[in-house]
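K.L.:
The structure is given below, and queries will be raised subsequently.
FYI, it's all coordinate maths here, none of it is from the lab. Since this is a predicted model, take the numbers as computed values, not measurements. Cβ atoms come from the backbone with ideal geometry, glycine included; neighbour counts cover every protein chain shown.
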Amino acid sequence: MSFLRRRKGSETSKSQNSDSHKQEKSKRRGEDESKRKGDEEKIRKWSCLDSCCWFIGCVCLTWWLLLFLYNAMPASLPQYVTEAITGPLPDPPGLKLWKEGLKAKHPIVFVPGIVTGGLELWEGHQCADGLFRKRLWGGTFGELYKRPLCWVEHMSLDNETGLDPSGIRVRPVSGLVAADYFAPGYFVWAVLIANLARIGYEEKTMYMAAYDWRISFQNTEVRDQTLSRIKSNIELMVATNGGKKVVVIPHSMGVLYFLHFMKWVEATTPMGGGGGSDWCAKHIKAVMNIGGPFLGVPKAVAGLFSIEAKDIAVARAFAPGVLNKDVFGLQTLQHIMRMTRTWDATMSMIPKGGDTIWGGLDWSPEGGYNCNAKKLKNNDTCTACQNGNGDLASTKKVNYGRFISFGKDVAEAHSSKFERMDFRGAVKGSNLVNKTRCDVWTEYHEMGVGGVKAVADCKVYTAGSILDLLQFVAPRLMARGGAQFSYGIADNLDDPKYSHYKYWSNPLETKLPNAPNMEIYSMYGVGVPTERAYVYKLTPASECYIPFQIDSSADGGSVDSCLKGGVLSVNGDETVPVLSAGFMGAKGWRGKTRFNPSGIRTYIREYDHAPPANLLEGRGSQSGAHVDIMGNFALIEDILRVAAGATGEHLGGDQVYSDIFKWSEKIDLQL
Amino acid sequence: MASILRFRKLCYMEPVKFRTFDESPKLYQKLDKKADDNNVILTANSVLETDTKKKKCTKKPSKEWRCVDTCCWMIGCLCTTWWFLLFLYHCFPATLPGFQVPESPGVRLKRDGLTANHPVVLVPGFVTGGLELWEGRPCAEGLFRKRLWGGSFTEIFKRPSCWLEHLSLDNETGLDPPGIRVRPVPGLVAADYFATGYFVWAVLIENLAKIGYEGKNLYMAAYDWRLSFQNTEIRDQALSRLKSKIELLYVTNGYKKVVVVPHSMGVIYFLHFLKWVETPPPMGGGGGPGWCAKHIKAVMNIGPAFLGVPKTVSNLFSAEGKDIAYLRAMAPGVLDSEILGLQTLEHVMRVSRTWDSVISLMPKGGETIWGNLDSSPDEGHACQSVKKGQYAPSSNGMNANHTDINTGFQVKETVKCGRIISFGKAESELSSSQIPNLDTEEFLRSSSSKNVNSSCGEVWTEYDEMSRESIRKVAEKKVYTARTLLDLLRFVAPKMMQRAEAHFSHGIADNLDDPKYAHYKYWSNPLETKCCPEVTNSVKWDICLRLPDAPDMEIHCLYGVGIPTERSYVYKLSPTNKCKNIPFRIDASANGDENSCLKGGVYFVDGDDSVPVLSAGFMCAKGWRGRTRFNPSGIATYVREYKHKPPTSLLEGRGIESGAHVDIMGNVALIEDVLRVAAGASGAEIGGDQIYSDIRRMSERINLEL
């Protein structure tokens, strides 16, 4: 500044004496110029920081502008765009049926499945300050990233009791919001609710039976009185809707939960709800099971064994980065394993019925399943056609009965060709792992090397022996779970021991209620490869690690093999195999059987999976996947019709695409 | 030379606002005389020239640079700082070490060993409950199950007329208009926060959770607060649900009776429920006599509007109640009348007049309770004392009046609060003999000849159907008391009153055993119902059977005092004579003396900002106290007043000792009382009555047969 002024001064030095005004003028001018120069300097000094700010400002402005435009845009615009691209969309089923004149009739109860229900915090430790009544599970999962350890701590249950740890109360969110969306934009029940609302349903005729899906079914009653609430709500809805019976729509694990409820409500009071033996007949019109894992899910085994099931916890899909092994040495998988192993409910989905249902070492009901049948439909390549004819050869080797095999060759060899070692006698104590260095405790650390080796030496496990295996690797978990769930087949259902609540969620160990007018639907998607058996390997020895993992290098020889990445898949809805979802409806309960003494009518409604044609369709209106099926128009239409008063006959009875009837026949179960 | 210079000056200097401009003519003139300095001038001028030229050249680009880029730069800076601060805020521990957060009553009482005992039922009041859309017109597309009321209220701004259309009810039935279903949000989220950050029940819920409450023993009885109480049952079965929920809570919590905590209008809603539940089925819930005694331990009414709220009158009359709907606070700009010709107030009036429940808040008990032309029970109330309590620490102007208070100056100037509406300030102060004595009935008859002003086209409010003449007649009547007010409203809004009066009654029963009082329209009026007549009998029965020390049912009245509360109004005719206009408005210019209760056309009395003490406290202090005809079984009543203390600093938010109608839900003393009762204490154990106001004296002046 001063330099500039001086320069000006020298220029006008001649006239300095002549006029003071002139000097002043030039001075002012100088100042002015210097100011301008300053500006120029500023522009020149437009530094990195400034351009950063400028850039951010630009981005913000554009963002706001777009946001404004988006908000100002009429809500129907995206629909127009979609229609312009893909042609006119079909009416959503709610609208279509409303035009047909369907009206809300029977009240509706939703029973959400595992992981889809929201959980919120009611009391927590110091680290969870400010999260009171905020969702820990569901919603944005923001806390998972912010304070992961705190989150895991609060989501875990007590190792001994399977109930709350001291000082922590995490409770299910109640109301329809509990499971309408799992995370923002990821619908679960929302589409169905919206369609029901179109034909006149509202809050008073719809009830979301939200429960804490982490704890065992009976414990939801012990801790939260959830079963009592469901009973009271159903009674209220029947009373306020002029005595019209409810239509119950359970999904996934909710199916088992509702089975448990139906037994509970008719049992006498100390253990049950004391509703009397005709409660179900009086209050329930139909149970429409969506994707019901009646006989368990093989995925649950892998989940318990090594936390590697593809998505038993949808958490993995949402937080892939966090779950990567050894990111920052966090031992994420171990943390998750420790957390999920405290959740009793996961044990309700261990495959039930043992070898009778799921197959033994050398046979399985789905034995002849043709894995490329589906592919044939999808891409009509000629090579596949030719292979399709000779598929007997390739499918012969698939041994679905072997849930877990160690090594691919073992998975494919005939049982006579390898020897199994009994692992039960193996000594556990030889513990070479330095326990003190493991900050996460799973029961694997008590097994020691000897135990791990013994497990691997046994080579293959069927549905029956998988229980022994789990008992061996996680004795405490199974001891806790064994008090709540049972996985067998009853020889004599009238045995008084079957009045215990641990049998209530197993359809093979309970009778259906005495309600001849009730209807049971099994609705599930087919046409998606579903995990059915696994090829495992030992993890390269390292400290504090889960000793087993899926051998993802194990692939079938040909393109059309069912073995992919260590996982043998079968027809199903991506989570539940057809056998588990359909067997009870197709055979176990069909007609008057010992499991269904009053002859409740059953209907199988299968929905063939068709992936969304383009991105605009989102998760598709014809999906058959486990959760996405809730947006399947055909399924929604069926539900709406039943809710409006139709029976299974009106819907058209069974609708089957898979081989479920054939497979069911192969199962040799006394009925 | 000079001319050239001037020319140059004109050319280059003038358009540019140069700082030396003022001096330059003088300068140049001087320079003219000095020929020696030619070159200097030339240089000077050339510099000027080049300067201006340069300016001209650089001006355009640099200006662009400035406008857009500086903007961008500014916003960028702001955003970055904002994010930075946000980041810092999130990084900070929840409680700063230096900042001492007062311990919440829940934590303290937990340390004292209190645990959840009785299940708690919360009954929200007027406007605080959320409403969501279940079925709507095309304009509301995409709003399915989104909140129309409560939450962020974004839809008001986005599509105001659509929003109003959906929140209105049917003019004839008071139920849903065809094709629209707006339903209350269920669960605790219904009214924990009204808008983002504006708590209603959240603080209380949090404190209850501290001592062990959770979803299974805490229930929010959300209902559609727009409907009349009986219609919530007819349309949504809300009363049946509440009954079933209370029974369930009772059973699943080991046969412990529930503690009910209603707020504001929820109080009379719950009164209605109490009668409904014991009435046999076609009209009632069929719980049978003794249901209340069996299931309810205590009713803790917060800010109860037992006898109505005068604010409702002005709201119905001219949509001007200061904040009965928080609307105005939420959207002040939008509500200013005639912005963009929107006539917001008229819209609001049109919508709110379809809400039957508003009528339930009309003052009840007529002149017996609210005073006649000449006297009212709460007159002589010293406004200054209110202010003294409120502004005690401040030193501006009020100190001068403190001496006046002591001399009892204000007693001379008795405020005639009984005149709930007066036209003109003078009329509000005249003695009754000077008031033109127009008989109400005659007045109604004479004005029955209405000529519909058809030129206005679509009818919005019933004012559009009134002729100018009858409006003038309304103003001529000069003053209206609580009794004649009803006639007035019947006159100005006949259809609304006809609809609403099928659901609510505002009188006093002479003989409570008259069979007509079995009708549901009397159930929400404490002066026309008996409160739980069967309580004692069944308690005795309980005692005999299994509960040796079954405590009696209790009714608590918990409310704030120390805030000036609207009590009566000075009105004037609105100057305009346009269509679709509200012809009356509060005369905001009517002010009393400095220490008068009249401010801006409104007379104030002691209260909690919405409900005057008289309405909140009378039933507990006198109407139900002891064994009266309104309380035949002698249920114990307790009055718990909380003196208002404004928050001392901004950090306190809405204050922890507030007495204001909604803010009192964050009052620690009140929370502690609720917690103690929920944990099993009786009214006597929390200290019995706690009175700061003149409620006892006021009640005594009310001449009501008990």
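K.L.:
Tell me whether segment A:84-243 comes out rounded, prolate or oblate; compute the Cα gyration tensor, take square roots of the eigenvalues as a ≥ b ≥ c, and use a/c under 1.5 as the rounded threshold.
P.N.:
In terms of gyration-tensor shape, oblate.
K.L.:
Give the order of B:ASP673, B:ASP606, B:ASP552 when sorted by the count of other beta carbons within 10 angstrom, beginning with the fewest.
P.N.:
B:ASP552, B:ASP673, B:ASP606
K.L.:
³J(HN,Hα) across segment B:498-513 via Karplus (A = 6.51, B = -1.76, C = 1.60, θ = phi - 60°), whole Hz, x for Gly/Pro?
P.N.:
My calculation for segment B:498-513 gives 5, 5, 6, 6, 6, 10, 9, 10, 10, x, 10, 7, 7, 10, 5, 8 Hz in order.
K.L.:
Before anything else, pin down the relative contact order of segment B:264-305: Cα pairs under 8 Å, at least 6 apart, normalised by residue count, whole percent.
P.N.:
Averaging sequence separation for qualifying contacts and normalising by length gives 44 percent for segment B:264-305.
K.L.:
Show the residues, 5+ positions off or on another chain, whose built amide H is closer than 5 Å to the amide H of B:VAL602.
P.N.:
Hits under the 5 Å cutoff: B:VAL570.
K.L.:
Another question, if that's okay. Using alpha-carbon pairs under 8 Å, 6+ residues apart, how would you state the relative contact order of segment A:559-671 in percent?
P.N.:
Result for segment A:559-671 is 26 percent.
K.L.:
Would you order B:TYR89, A:TYR603, A:TYR657, A:TYR257 from fewest to most other beta-carbon atoms within 10 Å of each residue's own beta-carbon?
P.N.:
Lowest count first: B:TYR89, A:TYR657, A:TYR603, A:TYR257.
K.L.:
Next question, about the same structure. Go through segment B:349-360 residue by residue and turn each phi into a ³J(HN,Hα) via Karplus (6.51, -1.76, 1.60, θ = phi - 60°); whole Hz please, and just put x for glycine and proline.
P.N.:
5, 4, 6, 5, 6, 8, 8, 4, 4, 4, 5, 5
K.L.:
Can I ask one more? Multiply the residue gap between A:ASP468 and A:LYS666 by 0.36 nm, knock off their C-alpha separation, and tell me the result in nm, one decimal place.
P.N.:
Length difference between fully extended and current span is 68.8 nm.
K.L.:
Structure shown: which of A:LYS96/B:LYS146; A:LYS285/B:LYS243; B:LYS210/B:LYS521; A:LYS285/A:LYS587 lie over 29 Å apart, alpha-carbon to alpha-carbon?
P.N.:
Flagged as over cut-off: B:LYS210/B:LYS521.
K.L.:
Further question: Given B:LYS245/B:LYS364; B:LYS216/B:LYS245; A:LYS263/B:LYS294; A:LYS245/B:LYS216; A:LYS408/A:LYS459, which pairs have Cα atoms separated by over 22 Å?
P.N.:
Among B:LYS245/B:LYS364; B:LYS216/B:LYS245; A:LYS263/B:LYS294; A:LYS245/B:LYS216; A:LYS408/A:LYS459, the Cα-Cα distance tops 22 Å for B:LYS245/B:LYS364; A:LYS263/B:LYS294; A:LYS245/B:LYS216.
K.L.:
Next question, about the same structure. Quick one: which residues, 5 or more positions from A:ARG605 or on another chain, have an amide H under 5 Å from its amide H? H modelled 1.01 Å from N in the peptide plane, none for Pro or chain starts.
P.N.:
For A:ARG605, whose amide H was placed from the backbone, the distant partners under 5 Å are A:SER522, A:MET523, A:TYR524, A:GLN655.
K.L.:
Long-range amide H contacts for B:VAL639: which residues qualify at under 5 Å (H placed 1.01 Å from N, peptide plane, sequence gap of 5 or more or a different chain)?
P.N.:
B:CYS557, B:ASP689, B:GLN690
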